[in-house]
């Protein structure tokens, strides 16, 4: 009888141990503040990602709230009590004001499978000197943000951003890039005459999203004052 009770206790203890054997993600700090920086200035920081659990932590991916933020992790498999370095490069480009961007680490951590880190900066305008009399293109978007509001998961929505070449030279769009493969951007034409107009159709597929979401579109052009322009779309995806 005593032996039976002993093995019963041992059995339930082993179950409890297996349940407690989980990876747990943590970091040395959650917010990195760069303070005052200039437009187009590359700044760098590093987060130390720890595994505080008792099983292997596996980092599946990292993604950011903006194309201005680039990440690289030193390793994706982190043993218990071990750590990895998450390197951050931030280039705020043309956005002048106090900025806040987010980095999400997706892993098998039971305590926080989508672990979020934050970077902040106070971005100051970088003056560009244009020789007097030089004819230049100037890209102008009347709207740079659009909020789709609440929408059902799996729904595909789109919005048309319009822009104008307010300069005196031909505006050339060199590249258009989105922050997610589930967001596409199609431009009406790549060259816009002075005072001419163009359009960019941005389409958002919410198939993998839930909750409040932001996606960015980066436009690189030959505008010497604003070589990079950002468009942002927002949505609150519900089941």
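Of all residues in the stretch 71-91, one or more are part of a loop (DSSP other than H, G, I, E, B), modelled with pLDDT under 95, outside the structural domain of residue 184 (by TED's automatic domain parsing) and surrounded by 14 or more Cβ atoms within 10 Å (Cβ to Cβ). Here's a check for you: in the stretch 47-66, which residue that is in a strand (DSSP E or B) and more than 15 Å from residue 114 (Cα to Cα) is farthest from the chain's Cα centre (by Cα)? Residue satisfying both the conditions and the ranking: 48.
Of all residues in the stretch 156-177, those satisfying the criterion of being within 23 Å of the chain's Cα centre (by Cα) and closer than 16 Å to residue 190 by Cβ are 161, 173, 174, 175, 176, 177.
Residues in the stretch 112-141 that are in contact with a strand residue (DSSP E or B) (Cβ under 9 Å, 6 or more places away or on another chain) and at pLDDT below 90 were compared, and the one that is surrounded by the most Cβ atoms within 10 Å (Cβ to Cβ) is 123.
Return yes or no: is residue 181 assigned by TED's automatic domain parsing to the domain that holds residue 222, without any contact (Cβ under 8 Å) to a residue 12 or more places away in the chain and either within 30 Å of residue 210 (Cβ to Cβ) or touching a strand residue (DSSP E or B) at 6+ places or on another chain (Cβ under 8 Å) (or both)? For residue 181, the condition - assigned by TED's automatic domain parsing to the domain that holds residue 222, without any contact (Cβ under 8 Å) to a residue 12 or more places away in the chain and either within 30 Å of residue 210 (Cβ to Cβ) or touching a strand residue (DSSP E or B) at 6+ places or on another chain (Cβ under 8 Å) (or both) - is met.
Summed over the stretch 187-227, the residues that are touching a residue at least 40 places away in the same chain (Cβ under 8 Å), in a strand (DSSP E or B) and within 24 Å of residue 104 (Cα to Cα) give a count of 9.
Scan the stretch 92-111 and tell me whether some residue there is under 19 Å from residue 221 (Cβ atoms) and either touching a helix residue (DSSP H, G or I) at 6+ places or on another chain (Cβ under 8 Å) or exposed (fewer than 12 other Cβ atoms within 10 Å of the Cβ) (or both). No, that holds for no residue.
The values are calculated or read from the model by the stated rules, or taken from the named source; none is laboratory data. Here the structure is a predicted model, which is why all the values come from computation and not from measurement. Reconstructed Cβ throughout: ideal geometry from the backbone, glycine too, with neighbour counts over all protein chains shown.
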